[in-house]
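The values are calculated or read from the model by the stated rules, or taken from the named source; none is laboratory data. Just so it is clear, the structure is predicted and the values come from calculations on it, not from any experiment. Reconstructed Cβ throughout: ideal geometry from the backbone, glycine too, with neighbour counts over all protein chains shown. To get the accessible areas, we keep the full protein, side chains included, count just its heavy atoms, and leave off ligands, DNA and RNA. Shrake-Rupley method; radii C 1.70, N 1.55, O 1.52, S 1.80 Å.
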Amino acid sequence: MLNPRDQHIPIAGLQPYIRHFGMLEDDIPCDETKAFKIIADGCPGLIFQENTNSFLDKDGNKLPQLFIHGLTSSNSQKTATGKYRNIGVYFQPTAIKAIFGIDAHELTDRYLDLNEVIKNDLADQLLSEDETDKRIAILSDFLVRQIAKNRYPENRKSSYAVARINTDNDDGLAAIQSDLNLSERSLERIFKTDIGISPKLFFRICRFQAALDGVRSRTFNSLTEIAYQHSYEDQSHFIREFREFTGATPKQFLAHAEEQELNFPEWKL
């Protein structure tokens, strides 16, 4: 399970854009490989790797030292070989457009070297410091300056819709459309631009994440209980969604997933 000590809360000015900073690290033999499953969580991010030779994507391609990624719409996987020490910036769902000015759908299920988005020396700055707090300060300073330069400020309508779905996801999208005085098509358009996926898919991911917390707790009496608590039609419906967003069944998740970082579990067989 996730250790809360590994999460670092951003400064107040960055909290509308960042959920938290997180660390992922391990000293493992150079010939040992670990498998990770990426769970759909409705959030993009920025990742810095101290060792650029550690992580590979699902196609076996080496990941950049410093990259941004969009929302994961289903599930994915990565592998790591040897020692790694990564720091991640876990953005709010609307952050890609609000920070970098990129239409979010361009990064859905994708990642880009940060240098392809904006020329920077951020990786060199991070490599010059070894302490986590100092690296977070460097990242925070970069993001504060980037937000100030961005010509596309946070869209309050998309932020409102995200907050409503996250806090009251039983209320339905029609009520959100009514509150914002938007047609279904208009709501879909701002979600595509600011978040990267449709409102319905985002709703499903948020509902799944709430149900996943129930599974993580290991205090439930049955999967049917969790399914009905979160408005799934039945247990089978919940398990199908669980498999789509994690690549595993709840039973497999509990048996094999070890989360040093939330929604990025090492998969132990």
Top-ranked residue of segment 92-103 - restricted to ones that are assigned to a helix (DSSP H, G or I) and of a type in the set (A, V, I, L, M, F, W, C), ranked as most open to solvent (accessible area, probe 1.4 Å): 100
In segment 63-91, the residues that are open to solvent by 10 Å² or more (accessible area, probe 1.4 Å), out of contact with any His (no Cβ under 8 Å at 6 or more places or on another chain) and either among the small types (Gly, Ala, Ser) or within 24 Å of residue 242 (Cβ to Cβ) (or both): 69, 72, 73, 74, 75, 76, 77, 78, 79
Going by the structure shown, is residue 235 within 16 Å of the chain's Cα centre (by Cα), open to solvent by 10 Å² or more (accessible area, probe 1.4 Å) and polar (S, T, N, Q)? no
Identify all residues within segment 114-131 that are open to solvent by 30 Å² or more (accessible area, probe 1.4 Å) and not in a loop (DSSP other than H, G, I, E, B); write none if there are none. 115, 116, 117, 124, 125, 127
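Results for (1) modelled with pLDDT under 95; (2) aromatic (Phe, Trp, Tyr); (3) out of contact with any His (no Cβ under 6 Å at 6 or more places or on another chain), shown as yes or no for each residue.
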residue	(1), (2), (3)
209	no, no, yes
219	yes, no, yes
236	no, no, yes
268	yes, no, no
Are there any pairs with C-beta distances below 7 angstrom linking a residue in segment 129-155 that is within 22 Å of residue 195 (Cα to Cα) to a residue that is open to solvent by 80 Å² or more (accessible area, probe 1.4 Å), with the two at least 6 apart or on different chains, and if so which? 140/11
Output the residue which, of all residues in segment 238-269 that are hydrophobic (A, V, I, L, M, F, W, C) and out of contact with any strand residue (DSSP E or B) (no Cβ under 9 Å at 6 or more places or on another chain), is most open to solvent (accessible area, probe 1.4 Å). 255
Got a number for residues in segment 38-58 being closer than 24 Å to residue 103 by Cβ and either open to solvent by 10 Å² or more (accessible area, probe 1.4 Å) or in a loop (DSSP other than H, G, I, E, B) (or both)? 9
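Taking residue 173, is it surrounded by 12 or more Cβ atoms within 10 Å (Cβ to Cβ) and modelled with pLDDT of 95 or more? It would help to see each step written out before you state the result.
On the way: surrounded by 12 or more Cβ atoms within 10 Å (Cβ to Cβ): yes; modelled with pLDDT of 95 or more: no.
Spelling it out, it is not the case that residue 173 is surrounded by 12 or more Cβ atoms within 10 Å (Cβ to Cβ) and modelled with pLDDT of 95 or more.
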